[in-house]
Amino acid sequence: MRHVREILRLSLDARLSTRAMSQHVRTGATTVRDTLRRFTRSGLSWPLPPEIGDADLEERLYGVPGAKPGRRKLPEPDWPVVARELKRKHVTLHVLWEEYRAEHPDGYRYSRFCDLFRRWEGRLPLVIRQSHAGGEKLFLDYAGDTVPVVVDRRTGEVRGAHIFVAVMGGSSLSFALATWTEQFPDWIAGNNAAFAFFRGVPQLLIPDNAEVAVIKACHFYPKVNRSYTDMARH
């Protein structure tokens, strides 16, 4: 309820725009508009009466009249679609919840949305859990997006840096290095920098189908860059 009260204060006292309120409370503009619409329909006045606590405010804004305990009266999200969308870059449960609420303004609140998704997810078939011994495997790849780096403060010139990432399988200890390209020299430099950071070499190097290292991906017999294979053997 802290965000609800803050949205009401910013709107009714500070008179901020929807966009400004969204940035201030770090939530979507759809959520801000929905909160204000619910407050208008609730019949409450601002400032809120002292006797209106968080539970009362939640009931007045989000309560479902006539709903029986233990029975869902709200539109059910398409959980398989939610799970599939979560695999895309930059997609979070909060983003998907905002899309759901835009389509169903009277739908589940965010906390309930997350709870129901976790319950649905818990009913899925179990997957094989992998175990990694300490120092055995080092997973390597480039992160998906580049990071803007100012290379000339006078002109404001910006270049995109590629982020090389190495993670130890046993401990999840991680190393990251910014490079200008994802070409082979930078890949090898990233590997060597990771070895120096970890102060040792693992038994296995596992590039996650990085194009610079894996020429042809295959579950059983991937074709790895010959020079990279020579470095690993060395």
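The values are calculated or read from the model by the stated rules, or taken from the named source; none is laboratory data. Everything quoted here is computed from the prediction, not taken from an experiment. As a convention, Cβ positions derive from the backbone with ideal geometry for all residues, glycine included, and neighbour counts pool all protein chains shown.
Observations on the structure shown:
- The lone exception for Gly107 - which of (1) modelled with pLDDT of 85 or more; (2) in a helix (DSSP H, G or I); (3) surrounded by 10 or more Cβ atoms within 10 Å (Cβ to Cβ) it fails: (2)
- Among the residues of region 178-189, none qualifies, meaning not one is among the β-branched types (Val, Ile, Thr), touching a residue at least 40 places away in the same chain (Cβ under 8 Å) and out of contact with any helix residue (DSSP H, G or I) (no Cβ under 7 Å at 6 or more places or on another chain).
- Candidates are the residues of region 116-144 that are in a helix (DSSP H, G or I) and exposed (fewer than 12 other Cβ atoms within 10 Å of the Cβ); the one that is modelled with the lowest pLDDT is Gly122.
- If you go through region 147-190 and keep only what is touching a strand residue (DSSP E or B) at 6+ places or on another chain (Cβ under 6 Å) and among the acidic types (Asp, Glu), you end up with Glu157, Glu182, Asp186.
- When region 191-234 is filtered for residues that are surrounded by fewer than 11 Cβ atoms within 10 Å (Cβ to Cβ), touching a strand residue (DSSP E or B) at 6+ places or on another chain (Cβ under 8 Å) and of a type in the set (Lys, Arg), only Lys216 remains.
- Unmet requirement for His94, which otherwise passes all of (1) part of a helix (DSSP H, G or I); (2) free of Cβ contacts under 8 Å to residues at least 12 places away in the same chain: (2)
To keep it simple, each residue is scored yes or no on (1) among the β-branched types (Val, Ile, Thr); (2) modelled with pLDDT under 90; (3) farther than 21 Å from Gly144 by Cα.
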site	(1), (2), (3)
Gln183	no, no, no
Ala196	no, no, yes
Pro202	no, no, yes
Tyr221	no, yes, yes
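- Check on Phe164, aromatic (Phe, Trp, Tyr), at pLDDT 85 or above and closer than 22 Å to His132 by Cβ: yes
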